[in-house]
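Below is one structure, written out as structure tokens; the observations come after it.
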Amino acid sequence: MASLTTENPHRDTNDTPEVLERRKADHIRINLEEDVSFRLTTGLEKYYFMHQALPELDLAALDTRTVVLGKLLNTPLLISSMTGGTAEAQKINRTLAEAAQQVGMAMGLGSQRAAVADASLAYTYKVRDVAPDILLLANLGAVQFNYGYGVAECQRAVDMCQADALILHFNVLQEAVQPEGDSNFAGLLPKIEQVCKLLPVPVIAKEVGWGFSAQAARQLAEAGVAAIDVAGAGGTSWSQVEMYRAPTARHARIAAAFRDWGIPTASSIQFCRAAAPHLPIFASGGLKNGIDIAKCIALGATVGGLAGEFLRAAVNGVEAVVDLADIITTELKIAMLCAGAQDLTALSQTPLYQFDR
């Protein structure tokens with residue numbers, strides 16, 4: 001078993017806390033101001049429910065509740081991981097968390113590496129006081145295990161925000177196109193396995209926008225992860241984000257070449273469900289509405305996550321986020337009604353079709 005201990009757990013990097021904070025601010029600005037979408041689609045547009053004109057169901061009686069990692073959600077909605085590490089990010093995180101508490105949905109925090117490196121930034125991730133009951137997910141990059149991080153740093157991230165579980169995010173392409181990226185992804189599996197064994201909360205493996213293959217899902221399941229967030233292609237392209245951050249034309253050209261790289265969300269859900277049938281699958285990557293979430297659940301997902309939509313809503317305050325979540329849940333319920341599904345279990349067993357339209 002590879003050791004995760006180190007005499008200097010923060011020798012990692014090319015990055016000072018100031019550089020990390022500046023990068024976080026860049027990411028927020030670029031996501032709000034620039035076109036960072038894929039040309040590649042999620043693949044969800046290829047699938048349709050068979051419309052049931054006589055569903056024998058009452059819309060008001062449909063049940064969207066589900067239990068994920070021991071927590072009851074009123075709706076299978078996840079605010080996908082986005083940000084932290086800056087004063088602006090703190091405001092966004094607290095707005096999102098307060099809305100999540102009102103709605104009864106889950107929330108993932110952005111990468112906490114900045115605050116692990118500089119404890120003065122921990123406040124930007126602390127949201128439990130406004131969201132005591134939500135399923136809250138801490139977040140670190142898996143690649144950091146090759147740059148001095150280990151169980152202690154994972155525990156620090158969890159404790160920092162009193163999280164129910166830890167996301168380990170996998171962003172190999174983003175790191176590869178960043179001039180300052182940490183791109184040594186060799187030998188991570190035994191280190192992930194050790195964290196899964198030793199950390200007292202569940203570990204979730206999350207891609208950041210390019211999807212998991214069946215092979216990766218199988219390896220992660222065998223390593224002991226408790227859930228997989230596919231974060232497939234079709235939403236935010238982080239190579240495009242890095243293109244806008246590129247310090248030179250050379251870096252920009254390399255990042256731009258990967259705009260259409262990845263596994264579409266619809267395909268990644270099916271790959272992961274087949275490879276890890278016992279694990280909850282989180283669907284994210286380009287989801288826009290409740291119909292998309294309904295399709296993801298029918299394809300094998302447990303919950304659906306959105307990032308950019310919630311980020312844009314958060315700029316306008318808590319009620320805007322609550323309103324967006326209510327709209328998405330209403331769309332989900334109407335899709336369930338018209339597909340003849342009383343609850344999420346029935347929806348997960350509802351076939352999808354590919355029609356020529």
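Just so it is clear, none of the values below were taken in a lab; they were calculated from the coordinates. All of these numbers come straight from a predicted model, not from anything done at the bench. Neighbour counts run over all protein chains shown; Cβ positions are idealised from the backbone, glycine included.
So if I average 1/r over every pair of distinct C-alpha atoms in the chain and take the inverse, what Kirkwood radius in Å does that give?
20.3
How long is the gain from H51 to N316 if the chain were fully straight, where each residue apart is worth 0.36 nm and the alpha carbon distance is subtracted?
Values: separation 265, 0.36 × 265 = 95.40 nm, distance 3.57 nm.
Additional length available on full extension: 91.8 nm.
What percent does the relative contact order of the chain come to when contacts are Cα pairs within less than 8 Å and at least six residues apart? Don't jump to the answer; show the numbers that get you there.
Working: 759 pairs, mean separation 82.4, N = 357.
Contact order relative to length: 23 percent.
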Over region 126-181, what is the relative contact order in percent, taking alpha-carbon pairs closer than 8 angstrom and at least six residues apart? 44
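Return the percentage of antiparallel bridges among DSSP beta bridges fully within region 33-353, rounded to the nearest 5 %.
On the way: 6 of 33 bridges.
About 20 percent, rounded to the nearest 5.
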Could you give each residue of region 86-102 its phi-based ³J(HN,Hα) in whole Hz, using Karplus coefficients 6.51, -1.76, 1.60 with θ = phi - 60°, and x for Gly or Pro? 9, 4, 5, 5, 4, 4, 4, 4, 5, 4, 5, 5, 4, 5, 4, 5, 5
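Taking the square root of 5 times each eigenvalue of the Cα gyration tensor, what semi-axes in Å does the equivalent ellipsoid of region 244-334 have, largest first?
Numbers: eigenvalues 153, 104, 18 Å².
They are 28, 23, 9 Å, listed largest first.
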Relative contact order of region 222-282, pairs being alpha-carbon contacts under 8 Å that are 6 or more residues apart, as %: 49
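In whole Å, what three semi-axes, largest first, describe the equivalent ellipsoid of region 65-173 built from its Cα gyration tensor (square root of 5 times each eigenvalue)?
Numbers: eigenvalues 102, 49, 27 Å².
Its equivalent ellipsoid spans semi-axes of 23, 16, 12 Å.
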Please find the FRET efficiency linking A60 to A176, where r is the Cβ-Cβ separation and R0 is fixed at 51 Å, and quote it to the nearest 0.05. 0.55
For K126, list the lysines whose Cα falls under 30 Å from its own Cα; do not include residues on the same chain fewer than 8 positions away. K24, K71, K91, K191, K197, K206, K288
Total charge of the residues flanking R39 in space, meaning their Cβ is under 9 Å from its Cβ, with Lys and Arg +1 and Asp and Glu -1, is 0
